[in-house]
Amino acid sequence: MSVRAEIAAVTEKIAERSAATRAAYLARIAAAREAGPRRGSLSCGNLAHGFAACAASDKAALAGEAVPNLAIVTAYNDMLSAHQPYERFPDVIRQAASQAGGVAQVAGGVPAMCDGVTQGQPGMDLSLFSRDVIAMSAGIALSHNMFDAAVFLGICDKIVPGLVMAALAFGHLPAVFIPAGPMPSGLANDEKARIRQLYAEGKVGREELLAAESKSYHGPGTCTFYGTANSNQMLMEVMGLHLPGASFVNPNTPLRDALTRAATKRALAITALGNDYTPVGEVIDEKAVVNGIVGLHATGGSTNHTLHLIAMARAAGILITWDDFAALSEKVPLLARIYPNGLADVNHFHAAGGMGFLIGTLLDAGLLHEDVRTVAGGGLAAYRREAVLGADGEAAWRQAPQTSHDETVLRPAENAFQTTGGLKLLAGNLGRAVVKVSAVKPQHRVVEAPAVVFASQEELIAAFKAGELDRDFVAVLRFQGPRANGMPELHKLTPPLGVLQDRGFAVALVTDGRMSGASGKVPAAIHVTPEAACGGPIGKVRSGDVVRLDAASGTLAALVEESEWAARQPAREDLSGNQCGTGRELFTAFRAMAGPAEEGAGVISFDAPERAA
């Protein structure tokens, strides 16, 4: 089925807006393709350094230009449960490359921080900026001009977007993303949330809380709730950078290893040395980006991607805006209920039919572009399949189920959980923001109440513990944007706000910070832009002002007399306390250069006209 007219119209608008920047990008990667990689053009000293540590057979192969060399860019560390399985992936990849007649080298590593560890801590101020550091680090890894393709080992929040940005900077090279999979299911997510709220109320102690958290996050693999990490995996599959069905296979299983071997062989098969050359800069085009946004809405994915997808698209010369997200959200139904949008986790989603079913039903409904390039070949129709272990122990594929195995978790497009997507754009005299409505019950999607203004999450928590917030209110938490302190996630606020909502109060959060993929049942207008540190109108709010967050109509406003509002000056805040310590002094230049949330909140310029100006 061809794509619906409404989806095509958004895609065409993006293509028109991006015409100049996309053409310039394609010209750059075409020139890079002509220039190299050409190991034969390296000096003997260059080449000798490049393969000095290789086995004799690999040196002989790399001395010429006929054998493909595969770069491994890894985000391995053994502190992140999601990335710990990557420790042994390079050995698996090197062996598979050798069997396929190629060579593989670890080209470089990139940093990978765990937002779960840094949540509510000073280190979280570095989290968003780590995306651009990862992109730069991966760029250094690929700068040796030794490689014909690359595989990228990364899963979590900022890591995959940063790796995609780097891959697109080397857009003439094929790029395959290799996941490691989610950990098996542990303590149910709703039970984990219940214990967190009891702890926030002082009804259980740290020992009980730690026991619950340890049962939730209990082994190697990605956290199983549907946050940014698992949204990343969905995106990589629906945008054609994974092999079909690769996203949610558990780590350290025969099928997981077989998929890693298959991804390696496929990366070597699509280099410019063969007949199926598939450069990543042509895989990620306007249609692929729209497919990613559609997948995000259909699954109720992470709000972080209203930042990351913008930055990733710009790396390919494609300019998308929050208005594109909003237009698509009106046309794309919500098809998945995965915590925090429901009680299930990603293992339940995978068992219900997973990505193969999801992509199939979206294609049948005309909500995805099928005519795209992918690393698997054959357009997006190839992603209707699911991966299985063949009789020979290698990866094989079969038709994914055409009916959901559990419609409490995953539904067909004609029987959606709701007719619109999981994200909503808000606008008004407080600026522009996004809200994740898929996890918020309809009766809580409109809140009109007096504001209580805070400049830090610690202030809000202290007010909660002092019993000062047992009432209807809108928490306005400002000076949390990229220029102020790096735009940290604010999940430390979820339990106390959830407690207050459960007590029957109408509560909401308005902030220029982030809540991301784990945004829960309390309505939160996040990424408010312009941010307070740049003089944004969120800085004009005073405690007692009535604020209306209306996720139904898409408005966010302080209900203050227009003349009084115009006369007010935005507040200023002493930010010196969050500029140093835990490495924050290393990112002074990043805070000074960071772009607004609507432009991806990054520091890397991709020559978009409005940033260049």
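The values are calculated or read from the model by the stated rules, or taken from the named source; none is laboratory data. In this text, all values refer to a predicted model and were calculated from it rather than measured experimentally. Note: ideal-geometry Cβ built from the backbone for every residue, glycine included; neighbour counts use all protein chains shown.
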Positions within the range 213-267 being surrounded by 23 or more Cβ atoms within 10 Å (Cβ to Cβ) and on the phi > 0 side of the Ramachandran plot, in sequence order: G221, G240, G245
The range 164-193 residues that are over 21 Å from L273 (Cβ atoms), paired with ones that are of a type in the set (D, E) and surrounded by 24 or more Cβ atoms within 10 Å (Cβ to Cβ) (beta carbon under 7 Å, 6 or more apart): S185/D345; N189/D345
Hits in the range 412-452 (condition: without any contact (Cβ under 8 Å) to a residue 40 or more places away in the chain and closer than 20 Å to G354 by Cα): N415
Restricting the range 363-377 to residues that are in a loop (DSSP other than H, G, I, E, B) and either among the hydrophobic types (A, V, I, L, M, F, W, C) or without any contact (Cβ under 8 Å) to a residue 24 or more places away in the chain (or both), the residue that is surrounded by the most Cβ atoms within 10 Å (Cβ to Cβ): L368
Failed item in (1) assigned by TED's automatic domain parsing to the domain that holds R261; (2) in contact (Cβ under 8 Å) with a residue 24 or more places away in the chain, with E12 passing the rest: (2)
The range 427-450, residues that are part of a strand (DSSP E or B), in contact with an Asp or Glu (Cβ under 9 Å, 6 or more places away or on another chain) and either buried (at least 22 other Cβ atoms within 10 Å of the Cβ) or of a type outside the set (A, V, I, L, M) (or both): G428, G431, R432, A433, V447, E448, P450
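Residues are listed down the side, and each one gets a yes or a no for (1) under 23 Å from Q105 (Cβ atoms); (2) among the hydrophobic types (A, V, I, L, M, F, W, C):
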{"position": "E6", "(1), (2)": "no, no"}
{"position": "A9", "(1), (2)": "no, yes"}
{"position": "T21", "(1), (2)": "no, no"}
{"position": "L26", "(1), (2)": "no, yes"}
{"position": "A32", "(1), (2)": "yes, yes"}
{"position": "L42", "(1), (2)": "yes, yes"}
{"position": "A48", "(1), (2)": "yes, yes"}
{"position": "A63", "(1), (2)": "yes, yes"}
{"position": "A71", "(1), (2)": "yes, yes"}
So A381, is it under 29 Å from I178 (Cα atoms), free of Cβ contacts under 8 Å to residues at least 40 places away in the same chain, in the same structural domain as T224 (by TED's automatic domain parsing) and outside any loop (DSSP other than H, G, I, E, B): yes
Residues (surrounded by fewer than 18 Cβ atoms within 10 Å (Cβ to Cβ), at pLDDT 90 or above and within 18 Å of L268 (Cβ to Cβ)) located in the range 53-78: none
Any chance R206 is over 18 Å from the mean Cα position of the chain (by Cα), over 22 Å from L268 (Cβ atoms) and basic (K, R): yes
Failed condition for V10, given (1) within 18 Å of D285 (Cα to Cα); (2) out of contact with any helix residue (DSSP H, G or I) (no Cβ under 6 Å at 6 or more places or on another chain): (2)
Number of positions in the range 268-284 that are buried (at least 24 other Cβ atoms within 10 Å of the Cβ) and either among the charged types (D, E, K, R) or under 30 Å from P530 (Cα atoms) (or both): 1
Within the range 410-426, considering residues that are in a loop (DSSP other than H, G, I, E, B) and closer than 17 Å to S302 by Cα, the one nearest to the chain's Cα centre (by Cα): G422
Helices (runs of 4 or more DSSP H) lying entirely in the range 477-573 (those with 1 or more residues that are under 27 Å from the mean Cα position of the chain (by Cα), modelled with pLDDT of 95 or more and not hydrophobic (A, V, I, L, M, F, W, C)): 482-485
Filter pass, G205 being under 25 Å from L380 (Cβ atoms), not assigned by TED's automatic domain parsing to the domain that holds M593 and not β-branched (V, I, T): no
Test: P174 is of a type outside the set (V, I, T) and touching a strand residue (DSSP E or B) at 6+ places or on another chain (Cβ under 6 Å): yes
Subset of the range 384-404 (residues that are in contact (Cβ under 8 Å) with a residue 60 or more places away in the chain and assigned to a strand (DSSP E or B)): R385, E386, A387, V388, L389, A395, W397
Condition met for A525 (at positive phi, surrounded by 17 or more Cβ atoms within 10 Å (Cβ to Cβ) and in contact (Cβ under 8 Å) with a residue 60 or more places away in the chain): no
